[in-house]
Amino acid sequence: MSTQAAHLVDSVRAVTADEVATFRKNGWVKLEGLYDPELSGELLERLKVLMAAPVDTANPFQGAGVKMFKAYEDASKADELFGAFSHSLGMATAARELMGRPERFYEDKALCKEPSADGGGHTPWHQDFSYHPFDRQGTLLFWMPLVDCPPEKGTMRFLNGSHRAGLLGRFVHRTDGYDILDHFPDLGEGHTMSEPLHLKPGDVTVHDRMTLHYAPANETDSTRWVYTVSWFNRDALYTGMPCHRMDGLGLKVNEPLEHPNFPAITG
Ligand code: SIN
Ligand code: NI
């Protein structure tokens, strides 16, 4: 990788005490200018190349196939700049500071939402945590648009403080339009909803994966290019719940997820 690209990865700034406090209070936070927007431009070009190539169809989350967005997993394994950024000490440190405890790298995934005119849908209200085989909380996700993202392009909304609401169950698979807020109508009354967000390249939202969130459809005429990196509690034990990220890795139930795919990144 060129020195210039490595320099861009080093641009990840420290999170502030105010940002940490907001994250803990609301279960999410917007981090303005977390990293150099030039890095975002470089990542976007590389992601377009990766996603234009034929994809591994054995992986249901790679390439097209999910209506709410086109997902592309493991750019970090396919491209060294994605690898360096997602596994950088800057990102690991931000994750640890926000969550207040050591974290382990979990996964990186591009979530590209097509315009609604081309069939792109909304992302229903959900908590991420229900979908992962960890025995304890302490997981978080960095959501990083690689293009300018006004609200109408599908930036996320959050229910403030809902990371403390407990684990509410899975609803995303439903096809009848019934979502988690229909099932728990009091939630919408007990928690304010975050305002619509305008994120620029370099800006990031981070959410605790217990926090309820959704994203409206992309009502613009171009793709919402977004890259995400997530982290989990370094002490978490593996539950054995089926999950394509872990199946076949030889992990043992009730043991830590110590595997090269999930490094503990320390300075
Ligand atoms: C989205 O990008 O539309 C949703 C991301 C998430 O659910 O974490
Ligand atoms: Ni989510």
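Laboratory data are not the source of any read-out in this text; all were calculated from the coordinates shown. Owing to the predicted nature of the structure, the values given are computational and were not obtained by experimental measurement. Don't worry about glycine lacking a Cβ; one is built from the backbone with ideal geometry, like all the others, and counts go over all protein chains shown.
Helix-only arithmetic for the chain: the sum of -39500 (n - 2.57) across DSSP H runs with n ≥ 4, divided by the residue total, places the mean residue ellipticity at 222 nm at -6500 deg cm²/dmol. Whole-Hz Karplus values for segment 190-195 come out as x, 10, 6, 9, 4, 5 Hz, taken residue by residue from phi with 6.51 cos²θ - 1.76 cosθ + 1.60 and θ = phi - 60°; glycine and proline positions read x.
Computing Rg and the Kirkwood Rh from the Cα coordinates of the chain gives a ratio, Rg/Rh, of 0.93. Between amide H atoms placed 1.01 Å from N, distances below 5 Å from LEU212 occur with LEU159, SER162, HIS163, all of them 5 or more places distant or on a separate chain. Subtracting the Cα-Cα distance of GLU45 and LEU187 from 0.36 nm times their residue separation leaves 47.1 nm of extension gain. Figure legend: label point modelled 7 angstrom from the Cα of GLU152 along Cα→Cβ; residues of segment 204-224 with amide N under 12 Å from it are 218-222. Compared with the direct C-alpha span, the chain from TYR178 to ASN261 gains 26.4 nm at full extension, assuming 0.36 nm per residue. Using the Cβ-Cβ distance between ALA53 and HIS87 with R0 set to 35 Å, the FRET efficiency from 1/(1 + (r/R0)^6) comes to roughly 0.95. Each Lys and Arg adds +1 at its Cβ and each Asp and Glu adds -1 at its Cβ; summed about the Cα centre, the chain shows a dipole of about 480 debye. Placing unit charges on the Cβ atoms of the charged side chains and taking the dipole of segment 17-233 about its Cα centre, the candidate lying farthest along the positive direction among PRO124, VAL147, GLY83 is PRO124. Counting only Cβ charges, +1 for Lys and Arg and -1 for Asp and Glu, the dipole size of segment 136-227 around its Cα centre is about 460 debye.
Of all DSSP-defined beta bridges confined to the chain, some 95% are antiparallel rather than parallel.
A Cβ-based charge dipole, computed about the Cα centre of segment 184-267 with Lys and Arg at +1 and Asp and Glu at -1, lands at about 340 debye.
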